[in-house]
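Comments concern the structure below.
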Amino acid sequence: MQLKTVLTERYKRVTFWTAFSLLLLYTVIVWNVLVWLILPDNEGIQKDDDRAASHKRQHAANPRYRARSLLDVWNASVTSMPCTPKEHVLFIKVPKCGSSTLSSIILRYGFRHSLKTALPLGSKFNLVSLLRSLNDSDHQRDKHDIFASHVRYKVVKDHEHLVPNDAFYVTIIREPLSAFKSFFNYRHKGAYFGLEGKNQLEMFFSNSSLYTSPEAARFWNRMIRYLGFKVPANTTQSTPHAVEEARQYVYHIDREFDFVIVLEYFEECLILLKRMLCWGTHEFFYTQQKTGSSFSEDYNSAVKEVDDPTVVKRYRELSYADYILYDYFKLRIEKVLENQNTDFFNEVRNFKAVNRKVAEFCQSNATFGETLEMPPSKWTSGFIMRKEYCRLLTFGVKKYIKFLEKKKFHVV
Ligand SMILES: Nc1ncnc2c1ncn2[C@@H]1O[C@H](COP(=O)(O)OS(=O)(=O)O)[C@@H](OP(=O)(O)O)[C@H]1O
């Protein structure tokens, strides 16, 4: 009886341990099969994690990322954003339309958020150089997050494989005659045509041998041509056919771009852009870049203030396609603004006031280390801004290129 009990007990133990071992073996096999089945994904995840970790490491080690701390944005801001910031932006920087001001806003965003930015190679700031950079074998495989250098839309279209599919397409235009005046002054065209003193533009447009000269042929429709429109040959004056072609191209631009900013409504457009991109208000602070008077002392009297009706009429005829472009998008923005509520206009007012304070602080004699403190408001994140941050605000494209190349931002 005792022997039987002992045998039964042993039998039970053996059965238990056999069953346990089999179960363990089964678990190990199933586990291995599962691991084998999902291994490629795991590896992918691991690689991504490694990449993210190395990305973060680079940030920590790279002195240029210290730039972020120069503007401490208070998280307690009332403007919490229930949207995801768009980080793929293609900005077509139409010359003499306030494009450098907007470009530096966008480049700064790319810089502060460590985005991959398409920049010209070396210190040469021209289309050829940007193209060389885009065609560079190291870059060719990768898409770029940010495009904000001078580059014609046609060139971008030819390199569309480098632009993320979800990129936000934005450009800027300006009242055509103002843009032309800015160009005329910046490129010293008065001196080129032997004009001196006041009212140079009036003299230029009252002399047909000047405004019909081969040199002047490239003066007209500069904005729409930059945006890719081929002005039909021999149509310096608008004909119904030429007008229709230009109008069709403007519709095309409207379809291709998410937003066409009109300089005359710059701040309003910045707030609309801020909402569309879901960026913080502080990302849009700016100081005005490339003002005409900084290139020529007599800009105002020689060019800018010229409002002779003949000049206006002649320029309108010669640049008819730019006016079709401008009138269309100006009307568009005015309609958008008509539909905004008081909150929007209060936000614009608030932005102007805060940006003015920022600009004053940056233009003041405050020394490095001094700060500007802005409390949160209904629309603006509160922030503490150190004087050094002003450099980021005033940097133009060329400077960004230089220090992005060096991968350094010296804060002390
Ligand atoms: N925010 C804002 N509001 C109004 N006007 C502004 C603004 N930012 C730049 N500007 C004016 O835009 C002109 C310079 O244009 P760009 O920056 O496109 O020039 S450039 O092509 O990059 O050289 C130049 O115009 P002019 O002064 O008439 O020459 C700038 O003064």
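Here the calculated FRET efficiency for Thr371 and Lys402, from their Cβ-Cβ distance with R0 = 41 Å, stands at 0.95, rounded to the nearest 0.05. Computed from the C-beta positions of Lys230 and Arg349 and an R0 of 25 Å, the FRET efficiency is 0.05 to the nearest 0.05. Dipole orientation for the range 139-259: of the candidates Tyr251, Leu227, Gly197, Gly197 has the Cα lying most toward the positive pole (charges on Cβ; Lys, Arg +1; Asp, Glu -1). The distance between label points at Ser293 and Leu23 comes to 8.7 nm (points 7 Å beyond Cα on the Cα→Cβ vector). Gyration tensor over the Cα atoms of the range 241-388: the corresponding equivalent ellipsoid has semi-axes (square roots of 5 times the eigenvalues, largest first) of 35, 24, 12 Å.
When only alpha carbons are used to place a centre, the range 276-299 and the range 372-387 end up 19 Å from one another.
Under 18 Å from a label point 7 Å along Cα→Cβ of Gln363: give me every residue in the range 373-396 with its amide N that close. What the label zone holds, given the 18 Å backbone N cut-off, is 387-396. Stretching the chain fully between Leu115 and Glu264 yields a gain of 50.7 nm (0.36 nm per residue, less the alpha carbon separation). The string of couplings for the range 349-358 from the Karplus curve (6.51, -1.76, 1.60, θ = phi - 60°) is 4, 4, 4, 4, 5, 5, 5, 4, 4, 4 Hz, one whole number per residue in order, with x for Gly and Pro. With both labels modelled 7 Å from their Cα along Cα-to-Cβ, the Arg13 to Tyr192 distance reads 10.3 nm.
Every number here is computed from the coordinates shown, using simple stated rules; none is lab data. These numbers were taken from a predicted model, which means no experiment stands behind them. We place every Cβ from the backbone using ideal geometry, glycine too, and count neighbours over all the protein chains shown.
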